[in-house]
Structure formats: C-alpha cells, structure tokens
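First the structure, in the form of structure tokens, and then the observations on it.
Bear in mind these aren't lab numbers, they're just calculated from the coordinates by the rules spelled out. Computed from a predicted model, the values in this text were never measured in an experiment. Positions of Cβ are backbone-derived with ideal geometry, glycine not excepted, and every protein chain shown enters the neighbour counts.
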Amino acid sequence: MIRRINMIRKLIAATCAALALAVLPHAAGAASKEEIDAKVQQATEDFYKQTSAGKALAAKAAGMLVFPEVLKAGVGVGGEYGEGALVVKGSNVAYYNTAAASIGFQFGAQVKSQVILFMNQKVLNDFRKSQGWKAGVDGSVALATLGAGGEISTETVKQPIIGFIFSNKGLMYNLTFEGSKITKLDR
C-alpha cells in the first residue's frame, strides 16, 4: 500500500512539474539578447552592492552565471523560471534559462536574482559541456550565507561552485538551488 501511494505521489509530482515548467516559460516570455545583457549588468551591480565578499569571490571565479529575474510562483504546485547569461572575463559568452518545479504548501509569487560562481576552470568546463545541467546532480551548489561582519563562511568559500540568491532587500536565506535545471538558450 505504501509503495502504491509513493508511486502515485511521484506521478503527481512529475505531472505537476511538467505543467509548471511548460507554463512558466511561456508566461515569462523569451527575452532578447540585449534585454538579458542589460538585466545581467544591473543584477551584477546589485550583487556587488549586496556583499563585498561576493564581489571578491566573483573576481576570482572562472565564470559567473547570472539570472537577474527568476520568477517563482505557485498555488500548491509551483515552479520557477528565469533567463540569464554566463559571464567570463567580463563578457556575456552564452545564455541560459533556469527552471524548477515544486509541490507542497505554497501560495504567491516572488522575483529573485541568482548568481552562481564557478570557482575553477574544471567546474566551468563541465558546466559548459553539459546538455542541461541540474543543480545537486551535475554539480553541488554551496549556498552562500553571510556570518558576523558580513563575511561568507570559510567552508563555503572553499567550494568549487558557490551560489547567491538575493532580492532588492538583500541576500535571501532558506532557499536552495537543488533541483534547478539550467539549459543553454540559442541566442
């Protein structure tokens, strides 16, 4: 009986995920390269204002994936979607989208920004070679949180992939990148 219930839950979750991922990208509308470039530039400036430690890490990173506006919405079943760019040595070199689905108690919508730092060339190369990169499967993203004095924990800065989630109110906590699928866009 428990096995049957688990199978039904998985089927419902898969159906909901497919629906959420199918609806959100169309609702958001595909942005042009120029629109993404402008939003990535603004989000990067906002990110640097949020945390000097993040700015210092970004300067050391092999690449930085910036999603300026990730819309998360749900009523019981939820999903999120955003478009952004991979920045290498100050230039946008490729465009990506991020999408995720969730099930459980949720109601409402929010917009957040996400920055993922690839701290060495190997993890950046692995990401760029992937045909749809999934956080937590293809690479573990250490979520940065600030400690006393606005510094990022010493354990986090040692990780090969570091992620930041923020809004215009500051860094956001208790969020995750796990389950987010990142796919290259043809731009």
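In this rough spin-label picture, where each label sits 7 Å from Cα along the Cβ direction, the Gln110-Ser52 distance is 2.7 nm.
Counting only aspartates and glutamates at least 8 places from Lys134 when in the same chain, those with an alpha carbon closer than 13 Å to its own are Asp126, Glu178. Once you've got the Cα coordinates, tell me which of Lys60/Lys112; Lys33/Lys158; Lys122/Lys184; Lys72/Lys158; Lys55/Lys181; Lys89/Lys184 are over 22 Å apart. Pairs exceeding 22 Å: Lys60/Lys112; Lys33/Lys158; Lys72/Lys158; Lys55/Lys181. Remark: Phe164, Phe177 ranked as Phe177, Phe164, counting other beta-carbon atoms within 10 Å and listing the fewest first.
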